[in-house]
Amino acid sequence: MAASQRDYFVRVGGAARREAGFHHWLANFIGWKLPMVPTFRDEDSPLYLECIFPLCIIEQKRGWAGFLSRIPTHFRIRDVAERGIEFILALDTYANSIARQRLREEQGRIKAEWQSTLAALSNASRTINGVVNGVPGEPGSVWPPQPTPQMVVPSGDGWVIARQGLQGARRALNELQAKPAQASEVRIEQIQTELRWAEQSLRRDEYVLDEYLSELEQQREALDNVDRRLAAIDQDLRRNKDTKRLREFGSILPLHVTQGECPTCQQPLQDSLLTQALEAAPMSLDDNIAFIESQKATFQAMRQNTLRLVAAKEARFEANQTRVEQKRTDIRMLRQTLMGERTPAEREIRQRLQLEEWIQKAESALAEFDGRLQQFSELAAQWADIQATLRNLPEGDLSIADANKLSALEGSMRQQLREYRFESLPPDSLSISHDRSGQSTKNLSSRSPRQRAILSA
């Protein structure tokens with residue numbers, strides 16, 4: 001039987017993907033399905049055979065000391081050594097890592113869409129000086145939340161649900177349209193009474209508007225204070241984490257925070273909030289970090305509450321400002337009517353037009369409110385699915401099967417070292433790292449923190 005012959009190209013573009021490429025044929029011949037891996041060019045490419053074969057051959061001169069250094073990097077594959085090892089050992093780490101990364105990206109997309117939808121909903125409510133209550137600032141798995149989200153609008157000195165305000169505006173418009181004509185003498189007396197009431201009401205509203213402005217400025221100042229406090233907490237948290245990292249790496253240099261001196265202003269600093277006469281031990285770095293993180297969570301919650309208060313007070317201030325401007329216009333028209341410059345019918349027409357305009361805006365805002373609530377429901381369902389998928393992934397990148405594979409490989413390595421009569425180190429002191437950063441096969445627990453940091457670098 002005559003052997004078949006076919007030409008292939010190699011070491012040019014497409015050699016690993018096209019049927020005429022030699023490496024494509026070789027991978028199929030071996031029975032390997034090469035995975036797609038990310039590159040530094042933000043695109044996916046195959047895990048080329050040139051990146052896998054160095055793991056299958058141990059060079060006799062240097063041995064295990066530098067076999068990873070020969071893995072080619074010109075393919076610009078991210079973490080090429082890790083990808084090759086994961087493929088050879090058939091680990092699930094890469095798939096889990098990619099799945100987790102994609103889920104995190106999906107979470108980010110849902111958060112951004114949630115914030116965009118909430119902003120659009122707030123803008124719609126502002127057209128009628130309203131505020132949306134009950135919609136959380138971050139996506140959640142449960143929808144609708146309790147209490148049920150509502151759009152509210154100002155009414156007098158309080159707030160009413162927008163649908164109730166819309167019903168009241170419709171009743172007022174119907175009353176104006178059904179109002180019978182009155183005699184001129186009665187109309188003049190009524191206008192004079194309305195003018196006196198409007199002037200008194202304007203003075204009250206202007207006083208209330210000043211109070212709202214003062215409260216709004218106070219809330220904005222409180223928000224700035226919370227932001228400054230959060231920035232200080234973040235800085236303090238970073239310093240403590242950096243100090244902990246230096247300690248773990250075996251730093252022997254004295255730190256300002258351990259000498260009773262502030263690292264920022266170099267003033268004396270007590271390590272404990274309690275009186276020193278009590279000889280209370282200061283918190284450890286871990287305790288301090290945990291305490292600062294709890295402070296950060298508290299202030300973040302305070303910031304969200306303050307943001308909601310600022311938004312509500314801004315809406316209330318704008319609503320009262322609009323009402324003051326309308327009353328000033330009404331007073332001006334009432335005076336012009338009494339002076340004969342305008343007819344009483346013009347004022348009634350203007351009132352009807354204002355009511356009709358507000359009713360139209362309220363109907364549009366409520367229609368958008370209903371549509372946006374449906375979007376929130378869909379986003380919440382997507383968020384719940386992502387959270388469930390994340391819970392089903394292993395806590396780390398290593399699955400149970402991966403951990404068993406590495407443990408079996410570690411046992412095989414120790415057994416072979418005993419059979420080879422390896423005596424430089426006790427075979428049982430050697431281990432295979434289960435960390436994805438993968439460092440030395442030497443068991444690092446017997447070394448100093450500084451040595452562990454150097455070996456892990």
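For region 49-149, what class follows from the C-alpha gyration tensor (a ≥ b ≥ c being the square roots of its eigenvalues): rounded when a/c is under 1.5, otherwise prolate if a/b is larger than b/c, else oblate? Prolate is the answer for region 49-149, as a/c is 1.5 or above and a/b outweighs b/c.
In this rough spin-label picture, where each label sits 7 Å from Cα along the Cβ direction, the residue 409-residue 378 distance is 4.5 nm.
Among the trypsin sites (Lys or Arg not before Pro) in region 215-250, none sits in a DSSP loop with a Cβ that has at most 10 other Cβ atoms within 10 Å. Inter-label distance, residue 227 to residue 43: 4.2 nm, where each label sits 7 Å from its Cα along the C-beta direction. Tell me whether region 96-249 comes out rounded, prolate or oblate; compute the Cα gyration tensor, take square roots of the eigenvalues as a ≥ b ≥ c, and use a/c under 1.5 as the rounded threshold. In terms of gyration-tensor shape, oblate. Stretching residue 338 away from residue 249 to a fully extended chain increases their span by 23.4 nm, per 0.36 nm per residue minus the current alpha-carbon distance. Counted residue by residue at 0.36 nm each, then reduced by the alpha carbon distance between them, the extension gain from residue 295 to residue 401 reaches 34.2 nm.
Between residue 10 and residue 352, the distance separating the two model label sites (each 7 Å from Cα on the Cα→Cβ line) works out to 9.1 nm. Dimensions of region 134-176 along the principal axes, based on C-alpha atoms and rounded to the nearest Å, stand at 47, 20, 13, largest first.
Counted by neighbouring Cβ atoms within 10 Å, the residues 141, 125 run from fewest to most as 141, 125. A simple count of charges around residue 412, restricted to other residues whose Cβ falls under 13 Å of its Cβ and scoring Lys, Arg +1 and Asp, Glu -1, yields +1.
Just so you know, the averaged projected area of the alpha carbon convex hull for region 1-110 sits at 10.0 nm². With 32 Å as the limit on Cα-Cα distance, the pairs of 111/241; 111/296; 244/313; 33/111; 327/361; 111/405 that go past it are 244/313; 33/111; 111/405. Computed with the Debye formula from one identical point scatterer per Cα of region 384-427, without solvent, the log10 of I(q)/I(0) at q = 0.14, 0.15, 0.21, 0.30 Å⁻¹ comes to -0.52, -0.55, -0.73, -0.95. The packing ranking of peptides 89-96, 286-293, highest mean first, is 89-96, 286-293, where packing means the average number of other beta carbon atoms within 10 angstrom of each residue.
Among 243, 322, a tally of other beta-carbon atoms within 10 Å of each Cβ gives an order, fewest to most, of 322, 243.
Is region 291-374 rounded, prolate or oblate when judged by the Cα gyration tensor, a ≥ b ≥ c being the square roots of its eigenvalues, rounded requiring a/c under 1.5 and prolate requiring a/b larger than b/c? Note, shape of region 291-374 comes out oblate.
Among 23, 74, the ranking by other beta carbons within 10 Å of each residue's beta carbon, starting with the fewest, stands as 74, 23.
No lab work stands behind these numbers, since they all come straight from the coordinates. Since the model is a prediction, treat every value here as computed from it, not as a measurement. A quick note on method: Cβ atoms are made from the backbone with ideal geometry, for glycine too, and the neighbour counts reach across all protein chains shown.
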